[in-house]
Amino acid sequence: MSAAEQHEHPGVSAGDSGKGGGEGGAGRSPVRRWLRGVIIFLLIAIPAGYLAISASQSRDGGSEKVQAAKAKGLSAGYPSRVQRRIYDVPVPQHSRKVASFETNSWKTSSLYVQFVTSRDGLDRFLAKLGTRPSALEKGAVTITGEQAKKVGWQVGAAGHDWSGMVIKQKEPQPKLRITVRNDNPSHPKVYVVSTVTP
C-alpha cells in the first residue's frame, strides 16, 4: 500500500487486510456447516413425517369405512326387484317389518332379508321356491352365527320356536338359507340369506 493510501486509511495495513479476510472466511465456515446440516435434516424429516401421517390417515380412513359399513346394517323396506330376482327371494306382498342388506365380494354376493308375513304368505313364498312349509325342519337354525352377526340377528336364541331349511340350486342359481321363528304361527318371522357365487 502506498503512503498516500495509508494516509487515507490510517488503521488498515496490508497484513491487517489479509488477516481480516482469513478470519471472515473462517467465521463463515461453521455457519455454513450448520445450515447444511439443518437443510439435510429437513429434507429427510419432512418427507418421512408426511409419509407417516398419510399412512395413519389411510389406516384411519379404512377403519372408518369398515365401521360405517357395519353400522349401516339392515335397511328398512323391500329389496329392489332386481335384487329379488337375482337372489331368488320373492318377499310376499303385504309383509311387515321388511328389511334387507346386501354384501358383495369377488368370491360371493349375499342378500340378507327379513320379513313378517301370514301363514298363507309363508306358503306362497316357499311355493315360489319350489318347496312347502312341511319341508321346514323343526328346531333347525340354518343361518350361521357369522351370517347372523353381520346384521345383528338373534336367530337360534333360546325360548323361541325355530324351524329352517337350506335350498341348494345348481350354480349360478343362489343358495338360500331360510330360518323361521314360529312364536306366532299366524305371523311367522322369516330370515333369509341368499348367496350367489359368480
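Bear in mind that the values in this text are calculations on the coordinates, not laboratory data. The structure presented is a predicted model; accordingly, all values stated were derived computationally and were not measured. All Cβ positions, even for glycine, are placed from backbone atoms using ideal geometry, and neighbour counts span all protein chains on display.
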Note, ³J(HN,Hα) from phi for the range 189-194, Karplus 6.51, -1.76, 1.60, rounded to Hz, x at Gly and Pro: 9, 10, 10, 9, 10, 10
When ranked by the protection proxy of mean other Cβ atoms within 10 Å per residue, highest first, what sequence do the peptides 178-191, 119-132, 95-108 form? 178-191, 119-132, 95-108
Can you classify the range 75-196 as rounded, prolate or oblate using the Cα gyration tensor, where a ≥ b ≥ c are the square roots of its eigenvalues, rounded means a/c under 1.5, and otherwise it's prolate if a/b beats b/c and oblate if not? rounded
Taking 19 Å as the cut-off for C-alpha to C-alpha distance, list the pairs among Lys128/Lys149; Lys107/Lys150; Lys97/Lys170; Lys138/Lys170 that go past it. Lys128/Lys149; Lys97/Lys170; Lys138/Lys170
Counting sequence-distant residues (5 or more places) and residues on other chains, those with an amide H built under 5 Å from that of Glu102 are Tyr112
How far apart, in nm, are two points set 7 Å out from the Cα along the Cα-to-Cβ line at Thr144 and at Ile40? 5.7
